[in-house]
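S.K.: Structure incoming, see below.
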Amino acid sequence: MARVFSGIQPTGDLHLGNYLGAVRQWAIDQDSHEALYCVVDLHAMTASYEPKELTTRTQTTATLLLASGLDPARCTLFVQSQVPAHTELAWILNCTATFGELNRMTQFKDKGQSGNSVTVGLFAYPVLMAADILAYDTDQVPVGDDQRQHLELARDIALRFNNRFGETFTVPKATVPPLGARVMDLQDPTIKMSKSNSSPQGIIGLLDAPKTIRKRIRSAVTDSDNHIEFNPDTKPGLANLLTLLAVTTEQSIEAVVSEYESSGYGSLKDATADAIIACLSPIQERYADLSSDLKYVSGQLNQGAERARSLSSPVIARVRERAGLLAP
Ligand code: AQP
């Protein structure tokens, strides 16, 4: 089975975009792949944060991943900072990546706007991401458009290291998640729904109450002509609602458009809210059960970290030997 690796940052409350764009597919991939899923808390340190919040969010994110269907019996679920291989390999790869290639990363250009207070960690973020992937001889990485450039960098770093020091790393391939959907902000449908960039009204959190979900969908920005057609360029808000209804009810966009084209936006919004509430309710129920047993959650994470350590340790030994470092 091909080995797949994916991560999620505990930078805020998980939202519908994280679920429909990534986590839902992760749960499916557990059966067809050897899957590793990681709460990447070290990445979350690259922007300003509160230590207590990071701890809580790391626990909540892991609990939500379990509630969303990740099953520790079928995948390796762990927290990044509990496996030292990530930081060890990141340093070695920092000495392989160049300043010029990191300087070209568009996500750094977007996020690193605040001059001298930008951390070296934010700049080197893509190298840590390369380490996350390469430490496990990963074959495949499911990526959205925003991460494609980082994955290309991970491949370039792996190839350069292999050329310089001899075959060491598996060079990973990007895959496009078949069920992936890009979920847009409900208030500004030209940007993606995001933990840290969206306003609360622009987001649907995985734990939001049905009343909140209904309110947010009803007040989602659309347009004024009340004509239902799927066109993300001219009608981005409407296209987002149609996408949400289609993916949460497992229908095609065409089927949803033809069902609602003679109705107004009000009926479409009601149906979309109903579908999202139905999609999230089993996750919310499982989350309530799991959060009353946090010992179970931390036990699963400890086991996941142990397994991740045992999978990464031969890779790190190989890298150290090729790079000329004495055995510890
Ligand atoms: N709006 C989205 N639609 C579809 N997929 C999305 N993902 C994130 N937002 C959407 C996917 O979720 C996975 C985990 O993302 P992440 O937490 O590592 O970072 P991100 O992509 O930067 O997500 P956010 O919510 O925007 O976080 P912040 O605000 O902290 O940067 C990824 O697979 C991502 O594609």
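S.K.: Using DSSP, restrict attention to beta bridges with both residues in the chain and report what percent are antiparallel, rounded to the nearest 5.
M.R.: Bridges in the chain that DSSP calls antiparallel: roughly 10 percent.
S.K.: Report, in whole Å, the centroid distance computed from the Cα atoms of the stretch 139-161 and the stretch 204-259.
M.R.: One Cα centre to the other: 32 Å.
S.K.: Still on this structure: Expressed as a whole number of Å, what is the distance separating the alpha-carbon centroids of the stretch 273-328 and the stretch 1-46?
M.R.: Cα centroid of the stretch 1-46 versus Cα centroid of the stretch 273-328: 10 Å apart.
S.K.: Return the lysines within reach of Lys173: Cα separation strictly under 27 angstrom, same-chain partners fewer than 8 residues apart disregarded; answer none if there are no such residues.
M.R.: Counting by Cα, and skipping residues close in sequence, Lys173 has these lysines nearby: Lys109, Lys111, Lys192, Lys195.
S.K.: Per residue of the chain, what 222 nm ellipticity follows from adding -39500 (n - 2.57) for every DSSP H run with n ≥ 4, rounded to the nearest 500?
M.R.: Values: 13 runs with 171 residues, N = 328.
-16500 deg cm²/dmol, from helical runs alone.
S.K.: Would you grab the residues whose amide H sits under 5 Å from the one on Ala35? Only those 5+ places off in sequence or on another chain, please, with H modelled 1.01 Å from N.
M.R.: Val4, Thr76
S.K.: Explain nothing, just the number: dipole magnitude of the chain about its Cα centre with +1 on each Lys and Arg Cβ and -1 on each Asp and Glu Cβ, in debye rounded to the nearest 20.
M.R.: 860
S.K.: Between Gly299, Gly166, Gly100, which gets the highest mean-square fluctuation from a Gaussian network model of the chain, Cα cutoff 10 Å?
M.R.: Gly100
S.K.: Filter the chain for me: DSSP H helices, axial length by Cα at least 15 angstrom, mean Kyte-Doolittle hydropathy not below 1.0. List them by residue number.
M.R.: Membrane-span-like by this rule: 120-134, 236-248.
S.K.: Further, regarding this structure: What residues from the stretch 211-229 fall in the zone where the backbone N is under 18 Å from a label point 7 Å along the Cα-to-C-beta line of Gln201?
M.R.: Output list for this probe position: 211-224.
S.K.: Quick one: which residues, 5+ away or cross-chain, put their amide H under 5 Å from the amide H of Val79? H built at 1.01 Å from N.
M.R.: Counting only residues 5 or more places away or on other chains, the set is Val39, Ala305.
S.K.: Along the Cα-to-C-beta direction of His227, a point sits 7 Å from the Cα; which residues of the stretch 263-288 have their amide N less than 20 Å from that point?
M.R.: Residues 263-269 fall inside that zone.
S.K.: Using Cα-Cα distances under 8 Å and only pairs 6 or more residues apart, what relative contact order does the chain have, in percent? Working shown, then result.
M.R.: On the way: 486 pairs, mean separation 72.0, N = 328.
With pairs under 8 Å counted, the relative contact order is 22 percent.
S.K.: Report the calculated FRET efficiency for Ser298 and Ala2 (r = Cβ-Cβ distance, R0 = 22 Å), to the nearest 0.05.
M.R.: 0.15
S.K.: Still on this structure: Is there a pair in Lys235/Lys269; Lys52/Lys211; Lys211/Lys269 whose C-alpha atoms are over 19 Å apart, and which pairs would that be?
M.R.: Long pairs (Cα-Cα over 19 Å): Lys52/Lys211.
S.K.: Once you list every other residue whose beta carbon is under 11 Å from the beta carbon of Arg322, what net charge do they have if Lys and Arg are +1 and Asp and Glu are -1?
M.R.: Result for the neighbourhood of Arg322: +1.
S.K.: Name the most mobile residue of Pro282, Pro178, Pro236, meaning the one with the largest mean-square fluctuation, in a Gaussian network model of the chain with Cα contacts below 10 Å.
M.R.: For the chain, modelled as a Gaussian network with Cα springs under 10 Å, the answer is Pro178.
S.K.: Could you list Thr272, Thr55 in order of exposure, starting from the residue whose Cβ has the fewest other Cβ atoms within 10 Å?
M.R.: The most exposed by this proxy come first: Thr55, Thr272.
S.K.: Connecting C-alpha atoms closer than 10 Å in a GNM of the chain, tell me which of Ala154, Ala209, Ala273 has the biggest fluctuation.
M.R.: It is Ala209.
S.K.: What number comes out for the charge environment of Pro84, summing +1 per Lys or Arg and -1 per Asp or Glu over other residues with Cβ under 14 Å away?
M.R.: Residues near Pro84 contribute -2 overall.
Any read-out appearing in this document is the output of simple, stated calculations on the displayed coordinates, not a laboratory observation. Predicted, not measured: the structure shown is a model, and the values here were computed from it. Neighbour counts run over all protein chains shown; Cβ positions are idealised from the backbone, glycine included.
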